[in-house]
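Take a look at the structure set out below.
The values are calculated or read from the model by the stated rules, or taken from the named source; none is laboratory data. Keep in mind that what you see is a predicted model, and the values were worked out from it rather than measured. Glycine also receives a Cβ, built like all others from the backbone with ideal geometry; neighbour counts cover every protein chain displayed. For the accessible areas, the whole protein counts, side chains as well, though only heavy atoms, and no ligand, DNA or RNA atoms are used. Shrake-Rupley method; radii C 1.70, N 1.55, O 1.52, S 1.80 Å.
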Amino acid sequence: MEEGERREGVIAEVAPLIPTSRTYTFTVPEGIEQSLTVGQRVRVPLGRRGRLVEGFVVCLDRKVWDSTLRPIDSVIDAASFLTLDLLELGREIAVHYACPLGRTLKAITPEAVRRERGLKTVRYARLIQTPDEIRDSGKRIGKKRQAVIDVLANAVETFPVERLFEQTKASSVVLRAMVREGWVEIVARKQIVDAKLPGQPLVEPGFALNEEQRNALERINAEIDSNRFSVTLLFGVSGSGKTEVYIRAIRRVVSAGRQAILLVPEIVLTTQLVGRLASRFSDVAVSHSGLTDAQRSLLWHQVAAGDKKVIIGTRSAVFAPCPALGLICVDEEQETSYKNLQAPRFNVRDVAIMRGKQHGIPVVLGSATPSVETWYNSEHRSHYRRIVIHRRVKDLPMPDVYIVDMRDEFIEQKRVVVLSRLMERLLAETLHRGEQALLLMNRRGFANRIYCPACRTRIICPNCNVNLVVHTAGGQSICHYCRSRIETPTVCPNVTCGEKLIQTGLGTQRVEDVLTKLFPRVRIERVDSDTMRHREQYQRIVDDFEARKIDVLVGTQMIAKGLDFPFVSFVGVIHADTCALASDFRAQERLFQLVTQVAGRAGRADTSGKVVVQTTTPALPVLKHALGHDYESFATEELRSRQRVGLPPFRRLARIVLAHPREETVRREAEALYGRVREAIDSLSLAHTDVLGPTPCVLSRLRGKYRYDLLLRTLNASALRGLLCNLEESGTLRTKTESIIVDVDPVTLT
Ligand SMILES: [Zn+2]
Ligand SMILES: [Zn+2]
């Protein structure tokens with residue numbers, strides 16, 4: 001082509017899978033002009049050398065173009081696995097979370113579907129001339145050819161080639177010859193094979209909603225009927241029957257011929273919970289980590305075809321390709337497992353809201369302990385509603401809660417104890433009555449600190465700046481971040497010292513150990529990610545506990561979530577201190593949520609419950625509120641303090657983390673980046689915007705890399721988007737460190 005020559009044709013805008021926020025345009029070769037659709041994956045040449053890169057077609061347009069444009073190299077997918085809705089959602093996620101569009105779109109379409117896993121090419125044959133025409137052709141028709149003609153003539157449209165061979169005993173040679181004669185045509189179709197989806201028996205527990213539940217349902221139904229976007233916070237204490245409200249709201253949507261998505265957090269029990277929920281619907285698609293690729297593909301296609309009306313699942317279910325979406329429910333909206341830990345670092349709850357807005361449909365967020373952001377929004381934003389369910393189903397009373405100051409316990413008993421005297425007495429009484437107990441210890445292992453009493457040397461992970469945790473099994477100590485293990489040292493590694501090392505700090509193993517000694521005849525099981533390597537193991541313990549073959553369950557927050565045991569009348573929280581949970585601005589919130597959740601497990605049936613919380617910080621207001629089951633006071637107080645220091649929801653945050661094997665490099669780069677960001681903020685004269693840092697992260701070294709972070713703070717989301725976009729386009733975020741992560745709306749600052 002001559003320089004400057006102009007032509008008219010189809011131009012494709014492509015979002016490539018490279019770290020860039022921009023898209024590129026290419027011409028569409030004539031051969032694929034007819035078939036290429038938006039959302040399809042293609043290979044395109046990039047850079048001066050024309051390196052081939054995978055990307056998504058995000059726009060097609062007929063335009064006049066000049067010779068500088070290069071053509072698309074080839075097409076990867078036979079079809080698009082992105083609906084236009086999802087493409088639009090992808091654009092919004094990419095902008096909000098400062099993630100390249102190509103990478104975002106890749107995260108939206110499930111790998112199994114994109115790679116056509118579980119799909120097989122099946123060949124079909126059909127007649128393209130009538131039997132009469134074939135006979136009139138005067139060509140020789142042998143017995144086998146005649147058999148093929150007979151079968152195909154009776155087939156509805158097409159007939160699978162494999163079955164044709166079986167039925168007619170004709171060979172592929174015979175069939176090929178018939179194709180050459182122009183009598184038969186072979187069409188290949190990709191089909192899902194061998195993907196049996198587990199069936200769900202329909203179960204209908206026949207209980208009526210109480211008045212509060214009925215009111216809640218009526219208000220949500222009104223939102224559904226109004227056919228417009230809204231966000232409803234369904235705030236109800238644990239055991240208040242929120243699930244039943246979702247189920248009935250979803251049924252209303254389905255009966256109007258539309259689809260609904262119900263999102264549940266990723267916890268060990270997800271499969272069981274989801275199974276239980278799924279049994280309440282027909283035409284339900286259940287998506288969780290236990291599915292095979294073929295099952296995943298099959299589900300996706302069924303949802304896209306509108307055959308599945310209800311989609312229940314974890315994170316990725318928010319991207320279900322529903323053609324007729326009418327409602328999205330997010331259960332336990334505050335759960336941190338809704339945050340995606342890789343780019344795009346989206347929060348599923350927030351994506352659900354984006355999607356609801358896009359489709360103009362209601363979104364329901366349910367929780368007993370909402371995130372304070374959601375609580376604030378439900379009070380201050382016009383498209384939010386708030387519905388409160390105060391009472392537990394069957395009017396169960398809230399449990400009695402006692403707080404024990406472990407510092408007093410230390411003074412009075414003159415030693416560090418695992419169980420306070422009150423905890424021990426109430427536990428003994430519970431077991432004596434033949435009832436069950438849950439004990440929460442939110443840390444795994446036996447001890448989490450090994451140190452030398454003489455020279456104060458601390459044993460830390462060789463790759464990370466964190467304490468190694470002693471696990472008695474195998475005499476090993478493990479880093480809970482990089483999983484490296486070493487033989488637990490017994491003497492100080494400091495060559496001039498050599499003193500005997502001391503192990504302190506509680507973990508679940510230690511609690512189990514103490515309990516076994518105190519109550520030798522009691523059946524105790526420990527539930528944490530050390531003992532629960534497999535779902536089946538966990539399921540067995542849950543079943544045994546339900547069947548009352550176990551008296552006491554000791555565990556991490558795994559035992560606080562999603563379980564409902566009727567014979568638990570005692571719950572103990574061994575160590576309720578914020579420092580044991582998180583080391584950032586959400587620590588108070590986490591502590592409140594955890595204590596409330598686990599306390600809610602006590603006395604759910606006809607036995608009224610007792611809860612003991614052990615702490616060294618009994619004066620913390622958050623504990624007082626958790627124990628009084630007083631979410632509103634907690635939220636009011638927490639919001640007041642967040643407003644004072646300028647944290648979400650009053651400001652929006654983006655955290656930038658730099659990591660590099662050399663500390664000097666990462667510190668220098670972080671400081672330089674800070675300077676550039678400051679300049680950008682000044683030159684844009686953005687109000688209420690600042691950058692904090694740079695400081696070493698709480699986890700200052702992780703997997704062999706030193707880490708520093710900066711915190712961007714703006715007044716609202718759109719200001720944050722604007723700033724990040726500017727930093728990205730001006731190349732401000734380019735550093736010499738091995739990695740740089742931008743985390744918008746971070747859930748943790750470690
Ligand atoms: Zn020492
Ligand atoms: Zn480590």
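For the stretch 394-428, give me each residue that is surrounded by fewer than 19 Cβ atoms within 10 Å (Cβ to Cβ), assigned to a helix (DSSP H, G or I) and aliphatic (A, V, I, L, M). Residues satisfying the conditions are ILE411, LEU422, ALA428.
Residue count for the stretch 1-53 satisfying the condition of being touching a strand residue (DSSP E or B) at 6+ places or on another chain (Cβ under 7 Å) and of a type in the set (Gly, Ala, Ser): 5. Sub-6 Å Cβ pairs linking a first residue in the stretch 372-390 that is among the small types (Gly, Ala, Ser) to a second residue that is open to solvent by 10 Å² or more (accessible area, probe 1.4 Å) and not in a helix (DSSP H, G or I), at least 6 apart or interchain, are SER378/TYR384; SER378/ARG386, ordered by first then second residue. Scanning the stretch 317-328 for residues that are part of a loop (DSSP other than H, G, I, E, B) and in contact with a Gly (Cβ under 7 Å, 6 or more places away or on another chain), we see that the one that is farthest from GLN342 (Cα to Cα) is ALA324.
Among the residues that make up the stretch 532-539, is at least one of them under 26 Å from PHE567 (Cβ atoms), among the basic types (Lys, Arg) and either within 16 Å of ligand 2 (Cβ to nearest atom) or surrounded by 20 or more Cβ atoms within 10 Å (Cβ to Cβ) (or both)? No, the stretch 532-539 contains no residue that is under 26 Å from PHE567 (Cβ atoms), among the basic types (Lys, Arg) and either within 16 Å of ligand 2 (Cβ to nearest atom) or surrounded by 20 or more Cβ atoms within 10 Å (Cβ to Cβ) (or both).
For the stretch 675-697, the set of residues classified as closer than 23 Å to VAL747 by Cβ and either buried (at least 17 other Cβ atoms within 10 Å of the Cβ) or touching a residue at least 60 places away in the same chain (Cβ under 8 Å) (or both) consists of VAL677, THR689, VAL691, GLY693, PRO694, PRO696, CYS697, listed by residue number.
For the stretch 444-464, the set of residues classified as within 15 Å of THR504 (Cα to Cα), touching a strand residue (DSSP E or B) at 6+ places or on another chain (Cβ under 6 Å), in a loop (DSSP other than H, G, I, E, B) and more than 10 Å from ligand 1 (Cβ to nearest atom) consists of GLY445, PHE446, ASN448, ILE459, listed by residue number. Across the stretch 631-647, the number of residues qualifying as surrounded by fewer than 17 Cβ atoms within 10 Å (Cβ to Cβ) and not charged (D, E, K, R) comes to 6. The set of residues from the stretch 444-463 being crowded, with 20+ Cβ neighbours inside 10 Å, at pLDDT below 85 and within 16 Å of ligand 2 (Cβ to nearest atom) comprises ARG444, GLY445, ASN448. Every test in (1) outside any helix (DSSP H, G or I); (2) open to solvent by less than 10 Å² (accessible area, probe 1.4 Å); (3) over 19 Å from ALA216 (Cβ atoms); (4) of a type in the set (D, E, K, R) is passed by ARG345 save one, and that test is (2). Is at least one residue of the stretch 653-672 open to solvent by less than 40 Å² (accessible area, probe 1.4 Å) and free of Cβ contacts under 8 Å to residues at least 40 places away in the same chain? Looking through the stretch 653-672, none of the residues is open to solvent by less than 40 Å² (accessible area, probe 1.4 Å) and free of Cβ contacts under 8 Å to residues at least 40 places away in the same chain.
Number of residues in the stretch 730-750 that are at negative phi and touching a strand residue (DSSP E or B) at 6+ places or on another chain (Cβ under 7 Å): the value is 14.
The residues in the stretch 429-443 that are part of a helix (DSSP H, G or I) and either within 16 Å of ligand 1 (Cβ to nearest atom) or surrounded by 15 or more Cβ atoms within 10 Å (Cβ to Cβ) (or both) can be counted, and the count is 2.
Candidates are the residues of the stretch 431-488 that are of a type in the set (A, V, I, L, M) and free of Cβ contacts under 8 Å to residues at least 24 places away in the same chain; the one that is nearest to ARG526 (Cα to Cα) is LEU468. Taking the residues in the stretch 685-713 that are of a type in the set (Val, Ile, Thr) and touching a helix residue (DSSP H, G or I) at 6+ places or on another chain (Cβ under 7 Å) as candidates, determine which candidate is nearest to PHE585 (Cα to Cα). Restricting to residues being of a type in the set (Val, Ile, Thr) and touching a helix residue (DSSP H, G or I) at 6+ places or on another chain (Cβ under 7 Å), the top hit is VAL691. Scanning the stretch 120-140 for residues that are surrounded by 12 or more Cβ atoms within 10 Å (Cβ to Cβ), in a strand (DSSP E or B) and among the hydroxyl-bearing types (Ser, Thr, Tyr) yields a single hit, TYR124. Residues that are modelled with pLDDT under 85, open to solvent by 10 Å² or more (accessible area, probe 1.4 Å) and of a type in the set (S, T, N, Q) within the stretch 243-284 comprise THR271, GLN272, SER279, SER282, listed in sequence order.
Scanning the stretch 284-316 for residues that are part of a strand (DSSP E or B) and among the aliphatic types (A, V, I, L, M) yields a count of 6. Cβ-Cβ distances below 6 Å connect the following pairs, each with a first residue in the stretch 31-55 that is in contact (Cβ under 8 Å) with a residue 60 or more places away in the chain, a second residue that is exposed (fewer than 15 other Cβ atoms within 10 Å of the Cβ), and a separation of six or more residues or different chains: ARG41/ILE76. Looking across the stretch 477-524, the residues that are buried (at least 16 other Cβ atoms within 10 Å of the Cβ), away from ligand 1 (no atom under 16 Å from the Cβ) and not in a loop (DSSP other than H, G, I, E, B) come down to SER477, ILE478, THR508, GLN509, ARG510, VAL511, GLU512, ASP513, VAL514, LEU515, ILE524.
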